[in-house]
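Every number here is computed from the coordinates shown, using simple stated rules; none is lab data. Treat the numbers as computed from the prediction; the structure is a model and nothing was measured. For neighbour counting, all protein chains shown are included, and Cβ atoms are generated from backbone atoms with ideal geometry for every residue, glycine included.
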Amino acid sequence: MTIITKTAGGIQVVKPTVSSHIRDYWARVRGGDLGTLPAVLGLLALVLIFGTARSETFLSALNFANLFNQGAQIVFIAMGLVFVLLLGEIDLSAGFASGVCGAVMTIALTTHGLPWTVAIPVAMLTGVVIGVVLGTLVAKLGIPSFVVTLAAFLGFQGVLLTLLEGGKNISINDGFVKSLNNGTLSVTWSWIVAVVGVGGFAVAQLLRWRGRISRGLIADPLGIVVARIVGLAALAFAATYVLTLERAVNVVITSLKGTPIVVPIIAVFLVLWTFVLGRTSYGRHVYAVGGNTEAARRAGIPVDRIRISVFAIASFMASIGGILAVSKVSSVDPNTGGSNILLYSVGAAVIGGTSLFGGRGKIIYAVIGGAVIAVIENGMTLMGLNSGVKFIFTGLVLLAAASVDALARRRAAATGT
Amino acid sequence: MAATPLLELRGIDKSFGPVQVLHNVGLNVYPGEVTALVGDNGAGKSTLVKCISGIYTIDRGTAVFEGREVSIHSPRDAAALGIEVVYQDLALCDNLDIVQNMFLGREKKRGVVLDEATMEEMAGETLRSLSVRTVKSLRQLVSSLSGGQRQTVAIAKAVLWNSRVVILDEPTAALGVAQTAQVLELVRRLADKGLGVVLISHNMNDVFAVSDRIAALYLGRMAAQVKAADVTHSQIVELITGGRSGNLGLPPEKPSDFIDITPAGEKQ
Ligand SMILES: Nc1ncnc2c1ncn2[C@@H]1O[C@H](COP(=O)(O)OP(=O)(O)OP(=O)(O)O)[C@@H](O)[C@H]1O
Ligand SMILES: [Mg+2]
């Protein structure tokens, strides 16, 4: 049953209710637009499996906190890759770009004795410059991004080796940098962060809802808006509760509790880029170029500049990933950002629901996909499985995600929706 | 009808590399009238449209808009003059919704933030002015619309901006009978609102149903531009296929003007 109502200009539209909203969502899922649903279901399944098999270790507060520190680098690179993937491009060099930026920061801190207030911006700037160069090669010379970034993948590996003078391992002593991906907030601050975060989300959602209603436009039913807010609150408060439990192995020596500092850092970038993609014309243009480049060009959108910018954002985010990677182990070595980091990051974005064909994806997908990857890696290690099994399983999960993406696309083409 | 054209093209030449596609083409577009642009496949209709809209730069010739000579180098220039094009290949983004598509490249903002509410209101009012009465939602993805609905969105996008000239490249080519009638009605209504409308179509019934003037392109040359009331169906068909019909059309052709592009061995 549908109720008809009026919207802007007196056009008649279907009035959304909680049930029609759910029906519409289900229809979209059946039409192939699965969004991040498979990733969320997969995450739940993995947590159940590992939670049953290794309940005392996997489900411990200590392990839960560790997941954030372990996944941070991948999540940051993946957030940046979402922009590149939205244009249907790829950046295979993001892993080693993060390593290079991490090394730049480390060298600035140690060899040059600069404070972190200089070293971190220099590393980030390095990321932006790398991205602008890659993007320019792709956009202006028309070299496929696959080739440009594959070359850069090799090149940056060499740059990293050279920066580290043939493979030295350089340690850092800077307390601030170390705390980024090791430190925790005090219990009080943990709760303040959770409450402010949830409160901010609630205010933003309700203001938007009221704004649309007051102008006579169709808005999501209030029930759905409230459900979203309650859902986030439940998740955030439950997580904060667990993270503020004592999790030190030996409490006598040192106490360990509170939300890892990296959590609010991830949250800030999640909010920032979600805002940029969803609420600014720049973000709109990124989606447009990814959806239909020619239409975007005809609409007067500077396609080349958009293309360059997404590579710049990707490498910038990779630089932060690199900084966090260095922070976590307090040192940089020739394999920082190497081995499977890049593949895991691409995997995170795609598993989360970002389309490899361009035009579809959100920043939150990178975080959810990153969580899936981190849980697989962490859970399988706790189960004592060797790297071989882990790689095979992660590869299969990525393949499954890519198949979902390809099938969704075919289905959309077939049903014309 | 108004005697001075809104848009006047004179002596337009356009080549792609060694191939000259448009030769000395002229075209007048009058306010409040539908000018049909006809011609066989490959005659150069779409190319002419893209020259007007700034996607291609012309090699020679001038464009006069409201009596002023103008130069159009990009889609933005054309849009600034109030020239809007509904392209043959629709130029909508499937992954964006109706409102987002209508405002693409010209989003309304408050500060840096998109002003979605204002855009949605304007989109709704524009659709309403085109007599669209019901849609499921203005926030529906364009990929979920039917061919006719997509065409309506594309046309609405073109008239959103107080446009003066709207050019439609084969807007009914992919549509069924009912939706074709709807779109033609829409085209007529645009002209009745005082806009200069250019309609490209291969369907003579459609052309005679809505247009006031007919311009026939033949192998990249403007064969004739005539009032629809002064010509018959068959005269237009002759202009399209041969470039001439009685005293209308191009002078008898000089064979040297044409290059034979039929591949050897495929002569028919
Ligand atoms: N980008 C291009 N590069 C080279 N040649 C082109 C290009 N675009 C069009 N042409 C050529 O220009 C000629 C005119 O093409 P155009 O698309 O303008 O024809 P049309 O009249 O719109 O035909 P149709 O009715 O099939 O749409 C054709 O011979 C075509 O091959
Ligand atoms: Mg054409």
Study note, to complete from the structure: B:ALA91 fails exactly one of (1) within 9 Å of chain A (Cβ to nearest Cβ); (2) under 22 Å from the mean Cα position of the chain (by Cα); (3) loosely packed, with under 15 Cβ neighbours inside 10 Å, namely (3)
Check your understanding: Which residue, of B:LEU27, B:LEU22, is of a type outside the set (Phe, Trp, Tyr), crowded, with 20+ Cβ neighbours inside 10 Å and touching a Gly at 6+ places or on another chain (Cβ under 8 Å)?
Key -> B:LEU22
**Study point:** Restricting segment B:51-74 to residues that are more than 24 Å from B:ARG189 (Cα to Cα) and within 16 Å of ligand 1 (Cβ to nearest atom), the residue that is nearest to the other protein chains (Cβ to nearest Cβ)
**Key:** B:ILE55
Review point. What tally of residues in segment B:176-206 results from selecting those that are away from ligand 2 (no atom under 16 Å from the Cβ) and part of a loop (DSSP other than H, G, I, E, B)?
Key: 4
Check your understanding: Residues in segment A:290-310: is at least one of a type in the set (S, T, N, Q), at the interface with another protein chain (Cβ under 9 Å from one of its Cβ atoms) and either assigned to a loop (DSSP other than H, G, I, E, B) or under 15 Å from the mean Cα position of the chain (by Cα) (or both)?
Key -> yes
Check your understanding: Just wondering, is there one or more residues in segment B:34-46 that are farther than 20 Å from B:VAL183 by Cβ and among the polar types (S, T, N, Q)?
Key -> yes
Study note, to complete from the structure: Within segment B:31-52, restricting to residues that are assigned to a loop (DSSP other than H, G, I, E, B) and within 21 Å of B:VAL210 (Cβ to Cβ), the one that is nearest to ligand 2 (Cβ to nearest atom) is B:ALA43
Study note, to complete from the structure: Counted residues in segment B:164-184 being more than 14 Å from every other protein chain (Cβ to nearest Cβ), touching a residue at least 40 places away in the same chain (Cβ under 8 Å) and either within 16 Å of ligand 1 (Cβ to nearest atom) or not β-branched (Val, Ile, Thr) (or both) come to 5
**Study point:** Checklist (1) in contact (Cβ under 8 Å) with a residue 24 or more places away in the chain; (2) in contact with a Leu (Cβ under 8 Å, 6 or more places away or on another chain); (3) in a helix (DSSP H, G or I); (4) away from every other protein chain (no Cβ under 14 Å) applied to A:VAL225, failing item
**Key:** (1)
Exercise for review: Take segment B:76-88 and flag every residue that is surrounded by fewer than 22 Cβ atoms within 10 Å (Cβ to Cβ) and within 16 Å of ligand 1 (Cβ to nearest atom).
Suggested key: B:GLN88
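Out of the residues in segment A:81-124 that are assigned to a helix (DSSP H, G or I) and free of Cβ contacts under 8 Å to residues at least 12 places away in the same chain, state the one that is nearest to the chain's Cα centre (by Cα).
A:PRO121
Could you check how many residues of segment B:138-154 are within 7 Å of another protein chain (Cβ to nearest Cβ) and in contact (Cβ under 8 Å) with a residue 12 or more places away in the chain? Walk me through it before giving the result.
Step one: list which residues in segment B:138-154 are within 7 Å of another protein chain (Cβ to nearest Cβ), which gives B:138, B:143-144.
So of that shortlist, the ones also in contact (Cβ under 8 Å) with a residue 12 or more places away in the chain come out as B:138, B:143.
Total meeting the criteria: 2.
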